[in-house]
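Contents: one structure, followed by commentary.
The values are calculated or read from the model by the stated rules, or taken from the named source; none is laboratory data. Given the structure is predicted, the values throughout are model-derived calculations rather than measurements. All Cβ positions, even for glycine, are placed from backbone atoms using ideal geometry, and neighbour counts span all protein chains on display.
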Amino acid sequence: MSELEPLTQTAEPVAVLDEQRPPSVGAMTGTAVEFAGVHRTFGATHALDGLDLAIEPGELLALLGPSGCGKTTALRILAGFDRPDSGEVRLDGRDISRTPVNKRDMGMVFQSYSLFPTMSALDNVAFGLRLRKQNASARRSRAGELLDLVGLAEHVTKFPHQLSGGQQQRVALARALAISPRVLLLDEPLSALDAKVREQLRDEIRRIQLELGVTTVFVTHDQEEALSMADRVGVMRAGRLEQCAAPAELYDRPATPFVAEFVGTMNHLSGTTEAGGRVRVGQQVLPVSGEVSAGNLVTVLVRPEAVVIEPDDRGDSVVVVANFRGATVRVRLLRSDGTELLADVPSHRSAEYGPGARVSVKLLDKPVLLA
């Protein structure tokens, strides 16, 4: 199909747009987004149970959580593909909860690319501009700019079947950006790609988002994607926002046991609370995140990197297996009381922790979370 022929194909919506001329690449400005008490139910299921969330202009916010937590419902309501039962969605303070999809001026990238198979990369990117009645010269120029921005300047005449999965997703991203959307919405756009391409593309998406300054909402179930790309990460569970914070804060100071378990790995250790907001774990006494009363038996959550091990012929723990993870080795230990423990150690020390090696164990003196 040439770009001058009548449109006969159908595909998922590629952009939620208004009819105005887009600015040039690099001229986007961020828009504030707010969910205020948003509820959405499907039968007896509360997909969103009073979602309150403010997204700053130009921010990249990742919504992270397991399947069914409500993150995709939130994205669809923001895009206008669904409506809340109650509450408001606001752009720069204006309620758009009942605003039609084509008046929201948003760009969306799907997991499945949703490219038109008989259109070239250039014509796919220019599609939204064609709907805006832009003349052929202007839209081809704009599409060329965006394909250059995503690193596909040499592939403008290729069709989707001639492109790799990563290249197709770059075309989909360029198409969403072509209209200079007020908000960019990314619905698990990398989950269909292999690991290396996924890592390259998430870096590219972040670079482009920072360069353009467009407010972006990224939905994913992959904690590594969320933590590596986002300014802030909102962890969702059963329609509620458990915590929304910068990646480092979310990882180091999780607000709830669910967040702690979902973002990273946790050891579960038995402990007893003591006066002064502390907990005894074995022979150590550690500070506790939050207030606790003394004398309670509790489960203490400790990350593997907070477990320090040293070779010790008289140690009370034995290495079961050591798994190479690049810069670190994750060591699984069997303790004398029959419990297991995970510890992360530098790879250059991996020879010290082969199966059967006996070690001593110590926990870093830092605040811990109680389950």
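General observations
Residue by residue, here is whether (1) assigned to a loop (DSSP other than H, G, I, E, B); (2) of a type in the set (S, T, N, Q); (3) modelled with pLDDT under 90 holds:
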| position | (1), (2), (3) |
| --- | --- |
| Thr10 | yes, yes, yes |
| Val25 | yes, no, yes |
| Thr31 | yes, yes, no |
| Arg40 | no, no, no |
| His46 | no, no, no |
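- Region 332-347: number of residues that are under 31 Å from the mean Cα position of the chain (by Cα) and without any contact (Cβ under 8 Å) to a residue 24 or more places away in the chain: 4
- Taken together, the residues in region 227-239 that are buried (at least 17 other Cβ atoms within 10 Å of the Cβ) and of a type in the set (Gly, Ala, Ser) amount to 3.
- Answer residue from region 78-96, given it is over 14 Å from Asp52 (Cβ atoms) and in contact with a helix residue (DSSP H, G or I) (Cβ under 6 Å, 6 or more places away or on another chain) and is surrounded by the most Cβ atoms within 10 Å (Cβ to Cβ) among those: Gly80
- Only one entry of Glu242, Glu224 meets the criterion of being surrounded by fewer than 18 Cβ atoms within 10 Å (Cβ to Cβ) and either charged (D, E, K, R) or touching a Leu at 6+ places or on another chain (Cβ under 9 Å) (or both), and that entry is Glu224.
- Checklist (1) of a type in the set (Phe, Trp, Tyr); (2) over 24 Å from Met236 (Cα atoms); (3) under 22 Å from the mean Cα position of the chain (by Cα) applied to Phe159, failing item: (3)
- Filter result for Gly271 (in the same structural domain as Leu334 (by TED's automatic domain parsing) and either in contact with a Pro (Cβ under 8 Å, 6 or more places away or on another chain) or crowded, with 19+ Cβ neighbours inside 10 Å (or both)): yes
- The residue of region 141-174 that is surrounded by the most Cβ atoms within 10 Å (Cβ to Cβ), among those that are without any contact (Cβ under 8 Å) to a residue 24 or more places away in the chain and not polar (S, T, N, Q), is Gly144.
- Verdict on Ala248 being under 30 Å from Gln200 (Cβ atoms) and loosely packed, with under 15 Cβ neighbours inside 10 Å: yes
- Residues within region 348-363 that are within 20 Å of Ser336 (Cα to Cα) and either part of a helix (DSSP H, G or I) or in contact (Cβ under 8 Å) with a residue 40 or more places away in the chain (or both), tallied: 9
Residue-by-condition table, conditions (1) charged (D, E, K, R); (2) at pLDDT 95 or above; (3) part of a loop (DSSP other than H, G, I, E, B):
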residue	(1), (2), (3)
Leu61	no, yes, no
Cys69	no, no, yes
Ala74	no, yes, no
Leu78	no, yes, no
Tyr113	no, no, yes
Arg142	yes, no, no
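- When region 166-225 is limited to residues that are among the hydroxyl-bearing types (Ser, Thr, Tyr) and in contact with a strand residue (DSSP E or B) (Cβ under 8 Å, 6 or more places away or on another chain), the one that is farthest from Tyr113 (Cα to Cα) turns out to be Thr215.
- All positions within region 239-268 that are in a helix (DSSP H, G or I), farther than 21 Å from Glu59 by Cα and hydroxyl-bearing (Ser, Thr, Tyr): none
- Taken together, Gly128, Gly107 contain a single residue that is assigned to a strand (DSSP E or B), more than 18 Å from Arg40 (Cα to Cα) and either modelled with pLDDT under 95 or aliphatic (A, V, I, L, M) (or both), which is Gly107.
- Of all residues in region 280-292, none are acidic (Asp, Glu) and either part of a helix (DSSP H, G or I) or in the same structural domain as Gln111 (by TED's automatic domain parsing) (or both).
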